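Working notes, structure below.
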Amino acid sequence: MTQTSGRLFDDLAKVMTDVAGTAQGMKNEVDNVMRGKLESVLQDLDVVQREEFEAMKEMLFKVRSENEDLKQRLDALEGK
């Protein structure tokens, strides 16, 4: 009886390990599918990526600064 119950627990442990591995694999697959769908939806909506947004913001600040400098120079020249 001890061998039978020991084997039963061994088999149960193997089944539980297989179930845990399968669940992890399913989770990974769902994550990949959801990520792909989300990327597809965002691409269809023409949503910009964060890196592109930050680059454009930086360029805008630079252009505004240059515009202010040019305005001051123009005002100084017109004032002469």
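Return yes or no: is SER65 of a type in the set (Gly, Ala, Ser) and surrounded by 10 or more Cβ atoms within 10 Å (Cβ to Cβ)? Don't jump to the end; show me each part of the working.
Working: of a type in the set (Gly, Ala, Ser): yes; surrounded by 10 or more Cβ atoms within 10 Å (Cβ to Cβ): yes.
Yes, satisfied.
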**Asked** With (1) of a type in the set (A, V, I, L, M); (2) modelled with pLDDT under 95; (3) under 23 Å from the mean Cα position of the chain (by Cα) as the list, and MET34 as the residue in question, which single condition is left unmet?
**Response** (2)
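The values are calculated or read from the model by the stated rules, or taken from the named source; none is laboratory data. Predicted model only: the values in this text are computed from it and were never measured. Heads up, the Cβs are rebuilt from the backbone with ideal geometry, glycines too, and the neighbour counts pull from every protein chain shown.
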